[in-house]
Amino acid sequence: METMTRSFAAIAAALISLGSVFGGKGEAVQAPVPVAVATTTTTQPPVTTTTAPAGALCPQWWELAKRAGWHAESMPTLDYVMHRESRCDPTQHNTTLNADGSTDIGLTQINDRSWCLPTRWYPNGYLQTVGVLSSVGCDQLFDAATNLKAAKAIYDYSQEANGDGFSPWNL
């Protein structure tokens, strides 16, 4: 008997709820907005905003690197370069380690003498000539997006010149 009473109570609650949706007179009214949404469990992994795999050393820069033109197959090596060269910090500036007095700048530690200062082959600098940097000098390389675009241009140059895009980083 108690089970029957509970069943009738559940049915009555459902009918009352249905009646409030139809205004109790059969005309449709806007259904109430639910306060809580039920969650479901799926077998799919959650969608993440980062494209870096677990274990990446500089995952915060992967998406930006891809937007700068880096391809997926190069990303693990680029990740290693960013970590080895700057510990993933785009503000790094090596002013003391090069015997020739040149400096290395930013996330991928691009050498100023080789890539962004005027040379006899590139009077405005290589990165200026190919359109990555807009002014003479290298200060723009402290911007992570610019540095990754510049690194991609250097990689492409080296890939075409000697078949090894990462050779400027001595890998």
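Assuming 0.36 nm per residue, please report the length gained on full extension of the stretch residue 100 to residue 67 beyond their Cα-Cα distance.
Values: separation 33, 0.36 × 33 = 11.88 nm, distance 3.33 nm.
Contour length minus Cα-Cα distance gives 8.5 nm.
Using the Karplus equation 6.51 cos²θ - 1.76 cosθ + 1.60 (θ = phi - 60°), what ³J(HN,Hα) coupling, rounded to whole Hz, does each residue of region 63-77 give in order, writing x for Gly and Pro?
Computed from phi, the couplings for region 63-77 are 5, 5, 5, 5, 5, 7, x, 6, 8, 3, 5, 8, 4, x, 6 Hz.
List the residues, sorted by chain then number, that are 5 or more residues from residue 110 or on another chain and whose placed amide H is less than 5 Å from its amide H.
105
Output ³J(HN,Hα) for region 96-113: one whole-Hz value per residue in order, computed from phi by the Karplus curve 6.51 cos²θ - 1.76 cosθ + 1.60 with θ = phi - 60°, and x for Gly and Pro.
Once rounded to whole Hz, the list reads 10, 8, 8, 4, 7, x, 6, 10, 10, 10, x, 3, 9, 6, 6, 6, 5, 4.
Every number in this text was worked out from the coordinates using simple rules, so none of it is lab data. Please read all numbers here as calculations on a predicted model, not as lab measurements.
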